[in-house]
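This report concerns only the one structure given below.
The values are calculated or read from the model by the stated rules, or taken from the named source; none is laboratory data. As the structure is a computational prediction, the values presented were derived from the model and not from experiment. Counting neighbours? That spans all protein chains shown, and the Cβs are built from the backbone with ideal geometry, glycine included. To get the accessible areas, we keep the full protein, side chains included, count just its heavy atoms, and leave off ligands, DNA and RNA. Shrake-Rupley method; radii C 1.70, N 1.55, O 1.52, S 1.80 Å.
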Amino acid sequence: MNTRLLFRCLALCCISYQITTAQETRPKRTYMAGICQKTDITIDGKLNEPVWENAEWQNNFIQYEPNEGSRPGQKTEIAVLLDENDIFVAFKAFDSSPDSIVQRMTRRDDVDGDLVAVQFDSYHDRRTAFSFMVSAAGIKKEYLISNDGENEDSSWDPIWWVKTSRDSLGWYAEMRIPLTQLRFEGNNEQTWGLQAGRLLFRKNETSLWQPASKKQSGWVSQFGELTGLKKLKARKVADFTPYAVARTDQFKKEPENPFRTTGKKSKLDFGIDGKVGLTNNLTLDFTVNPDFGQVEADPSEVNLTAFETFFAEKRPFFVEGKNILSFPLMFGDGDLASENLFYSRRIGRRPHYEPELNPGEYMEAPEFTNILGATKITGKTKDGWSVGLLESLTAKEYADISNGHKRQEMIEPLTNYAVGRIQKDFNNSNTILGGMLTAVNRNIEEKQLDYLHQSAYTGGIDFVHKWHNKDWEIDVSSYFSYVEGSAEAITNTQKSWIHNFQRPDATHVRLDTTRTSLLGQGGKFVFGKYGGNLKFMAAVAWKSPELELNDIGYMRSGDDIIEVFWMGYRFYKPFSIFRNLNLNFNQWLNWNFAGDLTGNGQNINVHTQFKNYWHLSMGGNLNWPEISTTQLRGGPSLKMPGSKNLWMYVESNEQKKITIESNLSLYGSNESNTRDISNIGLGVGYRPGRNLKVNIFTNWSTDKNELQYVTQQDYHDQTDYVFARINQKTLSTSLRLTYNITPDLSVQYWGQPFFSSGTYSRFKKITNGKAEAYYARFKYFPANELTYNATDETYRVYNTSGNELYRFDQPDFNVKEFLSNMVIRWEYSPGSTLFLVWSQNRDNSVCNGSFRLRNDFNTLFNEKAYNVFLIKLSYRIGR
């Protein structure tokens, strides 16, 4: 959030498909690197060595944002030198008002304030680049750019050195980047792509060494050239980072629970990470017995839908290089963008099975599956082949159960995960052909795990072609899935909420309890014009009813055909009160494979930054009535009423010490009093000095839904689908404090209290889900057919004769949770790190729907916390 212009322009513009129909020809600039000796330069940011005085300094930077093509407000110079092992880059960021230079101390990869950056396309494929950025305070950020700027990977952490300094003329940056951190072919003489930029923070002004256009497709393809690279020898990285982890857990003592009698447990663990260059272009990364104790927890939530929540990957090994192993099923950057053939959170997930306990029994089970080891190979050859391979093995896990006599039950089998991705560039990177294969194999040894797939395979091919200077694009892909296992496993898959083959009104699928395998397929076709000010995209995608990707991928649902049309108009240059302005219109239709209309909506939205540097985004959705095949969780289809939604987001000028951000969303059903959702969030940021940053964000939401699923009950050869009105209230607050002592030593704290309650009333059963009239689709339970028993907290349903038909649990809930994480991080040597971590969790849940904040807060913090204290020390050995 705090990198705003330069990071946006050297990264956001990387992902923004900014192109034009009538391309403006911009001459390529060239820089010839000078030759030096390593002993000639001391990295101190002062640039006072003779070799820098004699270097070629180029200063013809051109403004990119906000006034593209204009002269920048301040002068910038760059010089590049080379020896046999390193490339050296120096910046002179002159400033006529040196007291206005913004130097904000932050954590690595969270740069803020005035910035400079250099990017190398060392493959010279005009699609891939290595980016090195530093703030005026000396904070480093680096990331990998791929697909000509469509993707960027900020998890990449190369080993390099940089220092900054400041005087009455401006500020300076001096970098040493080992050639082992770049990828290139060794030969007598070569040319790389080169780009450099500067952000003048107080004016949000970005200037570039090689002029670039926001109207032109791609980012790396607009680079200038770095020449003079003679007799470069290919360098292979070889880094090994062993680590030790000491951990102590403290929790409430439970004398009757044999696993918690002392209230404490400790362990010492060891592991190793490594990075080895197989060739100069292909790198092998591996981890043995990895530990991710320093990684922040996922935010709290109460999910009452039929769909799995998507959580972003945060573990460093799996985050780095994730773009290479990506095969998206859909398009765009909204909710659809999360669906993928590979979802790395499957590896090391929570164990699948939860044993049933007998009275008086206690259980201890691992929260996550242990990853025994993982290896990946990534890179790109000189012939344009991009390669990504990943292999991981997770342990079989057991739950320890005791009531005086101990026993074990396996809750997760030994599992192997494999992913392979390959792509080939043609036609000056305008044409790309690729493919992907994944495999999951489980060693199922115990009967209780027979409901899991024994093996699961997916694969796909994709093709992208761009033309007319990349103004126009076609993107086509096709993929498949094949799962096999016991009849129980495949039956469970067919009956899962993703598939719902058991729906009694389904005409195109049939539940087959004898099947031991399932084959599905999907694909997409996208045609778009992304050039100029006016842009559009037309797309169709499909997922067959049998498609099943969730052993290693992420898919919300199958049996779906979607058509999307998007049109946008971009105002790139400032006018009136705007620095920039984006206008968008979206339209979509969904069907299942039986031809039922399951989605129909339109959206308009506006995004802008004003000349006072405030941001505003706002929009509205209109959704028409549709057929839902998932609301009854395997029951017949249900016609859902149409709805409308308005939303807005505001963010203040981030240059100020105090910043605010706020969001508001209002959702209403077209049927009166049947669904109303409101959500409001308010955040405040405060930076009292250059080293400390405080952010707090509070979110409040209410959801009143007349058709909330409760349960389904079978009796007398029929099924009742029970729904109710829910009144849900949710409050959460996130507090984040970051104190940076030096560029390499920081303290960060994150804490989140979360409160959510739901009260159910007006119980009903679905009688005719597709009835045209809304109130004809269900029947309320009369008082003589539904009673509540407070003793066992159950509802009892009777027929008209007074005979009990079935019971179901009272569904009201009150969930309270507090998550916090404090991390002291010290990179005492490049690549070598000490972590001190304190994590605290508190939770409390009761079966009532009351929302009384003071009482809930006191109840939560009167609970004994679960504390984790962790020390992790790693030491890098390598070159």
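Give, as residue ranges, the strands (runs of 3 or more DSSP E) completely inside the stretch 207-309 that count at least 1 residues that are among the β-branched types (Val, Ile, Thr) and either within 30 Å of ASP471 (Cβ to Cβ) or open to solvent by less than 10 Å² (accessible area, probe 1.4 Å) (or both).
On the way: elements: 224-232, 238-250, 264-277, 282-288.
Strands (runs of 3 or more DSSP E) meeting the threshold: 224-232, 238-250, 282-288.
Can you tell me how many residues within the stretch 339-362 are surrounded by 14 or more Cβ atoms within 10 Å (Cβ to Cβ) and among the polar types (S, T, N, Q)?
Adding up the residues that qualify gives 2.
When the residues of the stretch 637-649 are narrowed to those that are among the small types (Gly, Ala, Ser) and part of a loop (DSSP other than H, G, I, E, B), which ends up farthest from GLY595 (Cα to Cα)? Explain how you work it out, then say what you get.
Keep residues of the stretch 637-649 that are among the small types (Gly, Ala, Ser), which gives 637, 642-643.
If we keep only those that are part of a loop (DSSP other than H, G, I, E, B) as well, we get 637, 642.
Values: SER637: 13, GLY642: 19 Å.
Across the stretch 637-649, the extreme among qualifying residues is GLY642.
If I ask for residues that are acidic (Asp, Glu) and closer than 27 Å to LYS267 by Cβ, which ones from the stretch 841-871 would you list?
ASP843, GLU863
Here's a check for you: in the stretch 28-64, which residue that is modelled with pLDDT of 95 or more, open to solvent by less than 50 Å² (accessible area, probe 1.4 Å) and in a strand (DSSP E or B) is nearest to SER100 (Cα to Cα)?
Going through the qualifying residues, I end up with GLN63.
Against the condition open to solvent by less than 20 Å² (accessible area, probe 1.4 Å), free of Cβ contacts under 8 Å to residues at least 24 places away in the same chain and either farther than 26 Å from TYR343 by Cα or among the basic types (Lys, Arg) (or both), how does ASN603 come out, does it pass? Break it down stepwise before answering.
Numbers: open to solvent by less than 20 Å² (accessible area, probe 1.4 Å): yes; free of Cβ contacts under 8 Å to residues at least 24 places away in the same chain: yes; either farther than 26 Å from TYR343 by Cα or among the basic types (Lys, Arg) (or both): yes.
Considered against the rule, which asks whether it is open to solvent by less than 20 Å² (accessible area, probe 1.4 Å), free of Cβ contacts under 8 Å to residues at least 24 places away in the same chain and either farther than 26 Å from TYR343 by Cα or among the basic types (Lys, Arg) (or both), ASN603 comes out as yes.
If a residue must be over 30 Å from ASP812 (Cβ atoms) and open to solvent by less than 30 Å² (accessible area, probe 1.4 Å), how many such residues does the stretch 738-762 contain?
4
Read through the list (1) more than 15 Å from ILE324 (Cβ to Cβ); (2) open to solvent by 20 Å² or more (accessible area, probe 1.4 Å); (3) modelled with pLDDT under 95; (4) part of a strand (DSSP E or B), then give the number of the only condition that GLU142 fails.
That leaves (2) as the condition not met.
Can you pull out every residue in the stretch 383-439 that is among the charged types (D, E, K, R) and in contact with a Gly (Cβ under 8 Å, 6 or more places away or on another chain)? If you could, list the steps in order and put the result at the bottom.
As a first pass, look at the stretch 383-439 and keep what is among the charged types (D, E, K, R): 383, 391, 396-397, 400, 406-407, 409, 412, 421, 424-425.
Those that are among the charged types (D, E, K, R) and in contact with a Gly (Cβ under 8 Å, 6 or more places away or on another chain): ARG421, LYS424, ASP425.
Among the residues in the stretch 625-636, are any out of contact with any Leu (no Cβ under 8 Å at 6 or more places or on another chain) and part of a strand (DSSP E or B)?
no
Determine, yes or no, whether VAL797 is over 30 Å from SER839 (Cα atoms) and either in a strand (DSSP E or B) or of a type in the set (Asp, Glu) (or both).
When the stated conditions are applied, VAL797 passes them.
I'm trying to understand the selection: among the residues of the stretch 623-638, which are touching a Gly at 6+ places or on another chain (Cβ under 6 Å) and either over 29 Å from HIS499 (Cβ atoms) or open to solvent by 10 Å² or more (accessible area, probe 1.4 Å) (or both)?
Those that are touching a Gly at 6+ places or on another chain (Cβ under 6 Å) and either over 29 Å from HIS499 (Cβ atoms) or open to solvent by 10 Å² or more (accessible area, probe 1.4 Å) (or both): ASN623, TRP624, PRO625, GLU626, PRO636.
Could you tell me whether any residue of the stretch 88-110 is among the acidic types (Asp, Glu), open to solvent by 10 Å² or more (accessible area, probe 1.4 Å) and within 30 Å of LYS470 (Cα to Cα)?
No.
Out of all the residues in the stretch 542-594, which are touching a Gly at 6+ places or on another chain (Cβ under 8 Å), in a loop (DSSP other than H, G, I, E, B) and open to solvent by 20 Å² or more (accessible area, probe 1.4 Å)?
Selection gives GLU546 alone.
How many residues does the stretch 477-502 contain that are in a loop (DSSP other than H, G, I, E, B), surrounded by fewer than 22 Cβ atoms within 10 Å (Cβ to Cβ) and in contact (Cβ under 8 Å) with a residue 60 or more places away in the chain?
Qualifying residue count, the stretch 477-502: 2.
Does the stretch 664-673 hold any residues that are at negative phi and open to solvent by 40 Å² or more (accessible area, probe 1.4 Å), and which are they?
LEU664, LEU666, TYR667, ASN670, GLU671, SER672
Considering each residue of the stretch 435-471, count those that are β-branched (Val, Ile, Thr), open to solvent by 40 Å² or more (accessible area, probe 1.4 Å), within 20 Å of SER496 (Cβ to Cβ) and touching a Ser or Thr at 6+ places or on another chain (Cβ under 7 Å), and give that number.
Residues in the stretch 435-471 being β-branched (Val, Ile, Thr), open to solvent by 40 Å² or more (accessible area, probe 1.4 Å), within 20 Å of SER496 (Cβ to Cβ) and touching a Ser or Thr at 6+ places or on another chain (Cβ under 7 Å): 0 in total.
Given the options LYS314, LYS322, LYS376, LYS380, name the one that is among the basic types (Lys, Arg) and over 30 Å from LEU547 (Cα atoms).
LYS380
Has the stretch 650-671 got at least one residue that is in a strand (DSSP E or B), closer than 30 Å to LYS495 by Cβ and among the charged types (D, E, K, R)?
no
In the stretch 59-90, what residues are without any contact (Cβ under 8 Å) to a residue 40 or more places away in the chain and of a type in the set (Gly, Ala, Ser)?
Answer for the stretch 59-90, where residues must be without any contact (Cβ under 8 Å) to a residue 40 or more places away in the chain and of a type in the set (Gly, Ala, Ser): just SER70.
Do you know which of the residues in the stretch 674-695 that are more than 22 Å from ASN705 (Cα to Cα) and of a type in the set (Gly, Ala, Ser) is surrounded by the most Cβ atoms within 10 Å (Cβ to Cβ)? Write out each step before concluding.
Within the stretch 674-695, the subset more than 22 Å from ASN705 (Cα to Cα) is 682-695.
Of the ones still in play, those that are also of a type in the set (Gly, Ala, Ser) are 683, 685, 689.
Working: GLY683: 18, GLY685: 21, GLY689: 10.
Taking the candidates together, the pick is GLY685.
Kindly indicate which of ARG176, ARG198, ARG127 is open to solvent by less than 20 Å² (accessible area, probe 1.4 Å), part of a strand (DSSP E or B) and not small (Gly, Ala, Ser). Explain how you work it out, then say what you get.
On the way: ARG176 fails: open to solvent by less than 20 Å² (accessible area, probe 1.4 Å); ARG127 fails: part of a strand (DSSP E or B).
On inspection, the qualifying residue turns out to be ARG198.
How do the strands (runs of 3 or more DSSP E) wholly within the stretch 363-434 filter down when requiring 2 or more residues that are open to solvent by 20 Å² or more (accessible area, probe 1.4 Å), over 30 Å from LEU182 (Cβ atoms) and of a type outside the set (D, E, K, R): which remain? Break it down into steps so the answer makes sense when it comes.
Working: elements: 371-380, 385-394, 397-402, 406-412, 414-426.
Output list reads 414-426.
What number of residues in the stretch 586-598 are of a type in the set (Phe, Trp, Tyr) and either over 21 Å from PHE331 (Cα atoms) or over 25 Å from the mean Cα position of the chain (by Cα) (or both)?
Total meeting the criteria: 2.
Look at PHE869 and say whether it is in a strand (DSSP E or B) and either open to solvent by 40 Å² or more (accessible area, probe 1.4 Å) or in contact with a strand residue (DSSP E or B) (Cβ under 9 Å, 6 or more places away or on another chain) (or both). Explain how you work it out, then say what you get.
Working: in a strand (DSSP E or B): yes; either open to solvent by 40 Å² or more (accessible area, probe 1.4 Å) or in contact with a strand residue (DSSP E or B) (Cβ under 9 Å, 6 or more places away or on another chain) (or both): yes.
Considered against the rule, which asks whether it is in a strand (DSSP E or B) and either open to solvent by 40 Å² or more (accessible area, probe 1.4 Å) or in contact with a strand residue (DSSP E or B) (Cβ under 9 Å, 6 or more places away or on another chain) (or both), PHE869 comes out as yes.
In the stretch 642-662, how many residues are over 25 Å from ARG104 (Cα atoms) and either surrounded by fewer than 18 Cβ atoms within 10 Å (Cβ to Cβ) or in contact with a Pro (Cβ under 6 Å, 6 or more places away or on another chain) (or both)?
Number satisfying all stated conditions: 7.
Would you say LEU805 is in contact with an Asp or Glu (Cβ under 9 Å, 6 or more places away or on another chain), in contact (Cβ under 8 Å) with a residue 24 or more places away in the chain, surrounded by 16 or more Cβ atoms within 10 Å (Cβ to Cβ) and not aromatic (Phe, Trp, Tyr)? Spell out the reasoning first.
Values: in contact with an Asp or Glu (Cβ under 9 Å, 6 or more places away or on another chain): yes; in contact (Cβ under 8 Å) with a residue 24 or more places away in the chain: yes; surrounded by 16 or more Cβ atoms within 10 Å (Cβ to Cβ): no; not aromatic (Phe, Trp, Tyr): yes.
So LEU805 does not fit the description; no.
A quick yes/no check of all residues on (1) within 21 Å of ASN280 (Cα to Cα); (2) polar (S, T, N, Q):
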| residue | (1), (2) |
| --- | --- |
| ALA129 | yes, no |
| ALA137 | no, no |
| TYR143 | yes, no |
| SER165 | no, yes |
